[in-house]
Amino acid sequence: MIERFSVKIKGKSVSILKGEDRKVFYIHSSGSDAKQWRYQLEKIGGYSIDLPNHGKSEGSEITSIDDYAYYVNEAIKLTCKSAVIVGHSLGGAIAQKFYLNYPERCLGLVLVGTGARLRVLPEILENLKVSPENAIDKILEMGFYEKTGHYEETKKKYLKNRDVLYLDLSLCDKFDLLDGYRDGRITIDAPTLIIVGREDKLTPVKYAEFFKNHIPNSELIIIDDAGHMVMLEKPEEFNSALSSFLTKILS
């Protein structure tokens, strides 16, 4: 059973979904919310945050990925104290920053459909301002392997939250740790699982392979017949990979 509760961070209400009590903390992607992880909460458990300005959380001024990482850290302090951090896309960028800023709270990382750099096509950012539906259609065509109910659900969510989606994608576009990994200034020592859909056009498999080559204690899982939204498109395969990893980390 999934329950919802809120915590106060900097005077703002931050909404969290909780499955079985487990030291796993999920961070959603741009323009999304905690429900993106419902299949994982149902079968695996843990906590899933509505980032500020998303879902049922109150609005807050966010100017960087580090700002989001701060809210994640405060939410973890108020819930499970420390956790395996599971982040998708924008959430994967936040997860990396969380590890770098608050390593004592990170038991492991799961980087899903994300990268060390997350450039966004200029026409997508431009069109989100002048022709949001066209921009969102482009994102979804690149993000889903097939048009399913999840595709339509996500489109409605993006259209409703298009200003937040624009902010999130703008922050992704500025996110760049690539050279830090390459020259050794950034090192991740935590056990890390990397998951990507084989047909992901937004954060292609080569992004995941970069992590595998630069994070020593890492494992790469590529899931067939899935795109960027792999946790929704292939929940059984995703959950199997995540469960195996968590068994090793949390046992």
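Close contacts from the stretch 56-78, counting a first residue that is over 17 Å from Lys174 (Cβ atoms) and a second that is modelled with pLDDT of 95 or more and of a type in the set (Asp, Glu), with Cβ to Cβ under 9 Å and a gap of 6+ residues or different chains, come to Lys56/Asp33; Lys56/Asp50; Ser57/Asp33; Ser57/Asp50; Ser60/Asp67.
Listed here are the residues, each with its yes/no results for (1) assigned to a strand (DSSP E or B); (2) in contact with a helix residue (DSSP H, G or I) (Cβ under 7 Å, 6 or more places away or on another chain); (3) open to solvent by less than 30 Å² (accessible area, probe 1.4 Å).
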position: Arg185; (1), (2), (3): no, no, no
position: Asp189; (1), (2), (3): no, no, no
position: Leu193; (1), (2), (3): yes, yes, yes
position: Val196; (1), (2), (3): yes, yes, yes
position: Leu202; (1), (2), (3): no, yes, no
position: Ala208; (1), (2), (3): no, no, yes
position: Pro216; (1), (2), (3): no, no, no
position: Ile222; (1), (2), (3): yes, yes, no
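All of Ser89, Ser64, Ser6, Ser15 fail the test of being in contact with a strand residue (DSSP E or B) (Cβ under 7 Å, 6 or more places away or on another chain) and open to solvent by 10 Å² or more (accessible area, probe 1.4 Å), apart from Ser6. In this structure, Asp50 does not qualify as of a type in the set (Asp, Glu), open to solvent by 10 Å² or more (accessible area, probe 1.4 Å) and within 22 Å of Glu20 (Cβ to Cβ). Against the criterion of being under 23 Å from Gly143 (Cβ atoms) and either free of Cβ contacts under 8 Å to residues at least 40 places away in the same chain or open to solvent by 10 Å² or more (accessible area, probe 1.4 Å) (or both), Asp21 does not qualify.
The values are calculated or read from the model by the stated rules, or taken from the named source; none is laboratory data. Here the structure is a predicted model, which means the values were calculated and not measured. Don't worry about glycine lacking a Cβ; one is built from the backbone with ideal geometry, like all the others, and counts go over all protein chains shown. Ligands, DNA and RNA are stripped out before the accessible areas are found, and what is left, the full protein with its side chains, is counted by its heavy atoms. Shrake-Rupley method; radii C 1.70, N 1.55, O 1.52, S 1.80 Å.
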